[in-house]
Amino acid sequence: MEWRGGWLLVVPPRNTSRTCPRCGHVSADNRRTQARFECVECGLVENADLVGAINVLRAGHARIACEVSGIKPPAAGTHRSGSFRFKPGLSAVGISEL
Ligand SMILES: [Zn+2]
């Protein structure tokens, strides 16, 4: 990870598979099958694993931002997509907590 310039973080997995990365809507109905994510609010259709990976990465970015600013990190799905801006060029990766 250091060679690639990233950080390895542990993030809580809560709602990472149920949160829409486009509009932020959280619902179990967004994921009615294992492979397919379909947002009941905005209609986004995407591979469910990709959606989970996007949300985990965002949770990692949020954790870094909160540690820098001293603010308690939000749980996944408690903020809308696009509300978080990460410093361009700085790479980070989040993984689910086991
Ligand atoms: Zn949506």
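Of all residues in segment 10-17, at least one satisfies being in contact (Cβ under 8 Å) with a residue 24 or more places away in the chain and exposed (fewer than 15 other Cβ atoms within 10 Å of the Cβ). Note on segment 8-21: residues that are assigned to a loop (DSSP other than H, G, I, E, B), farther than 11 Å from VAL56 by Cα and touching a strand residue (DSSP E or B) at 6+ places or on another chain (Cβ under 7 Å) total 1. A Cβ distance below 9 Å, combined with a sequence gap of six or more or placement on separate chains, defines the contacts here; from segment 26-44, residues that are touching a residue at least 40 places away in the same chain (Cβ under 8 Å) reach residues that are more than 9 Å from the ligand (Cβ to nearest atom) and of a type in the set (D, E, K, R) in the pairs VAL26/ARG18.
Taking the condition within 12 Å of the ligand (Cβ to nearest atom) and in contact with a strand residue (DSSP E or B) (Cβ under 7 Å, 6 or more places away or on another chain), does GLU41 pass? When the stated conditions are applied, GLU41 does not pass them. Within segment 22-38, how many residues turn out to be touching a strand residue (DSSP E or B) at 6+ places or on another chain (Cβ under 8 Å), assigned to a loop (DSSP other than H, G, I, E, B) and within 11 Å of the ligand (Cβ to nearest atom)? Summing the residues that are touching a strand residue (DSSP E or B) at 6+ places or on another chain (Cβ under 8 Å), assigned to a loop (DSSP other than H, G, I, E, B) and within 11 Å of the ligand (Cβ to nearest atom) in segment 22-38 gives 1.
Read the figures in this text as sums done on the coordinates, not as results from a lab. In this text the structure is predicted, and so the values were computed from the model without any measurement. A quick note on method: Cβ atoms are made from the backbone with ideal geometry, for glycine too, and the neighbour counts reach across all protein chains shown.
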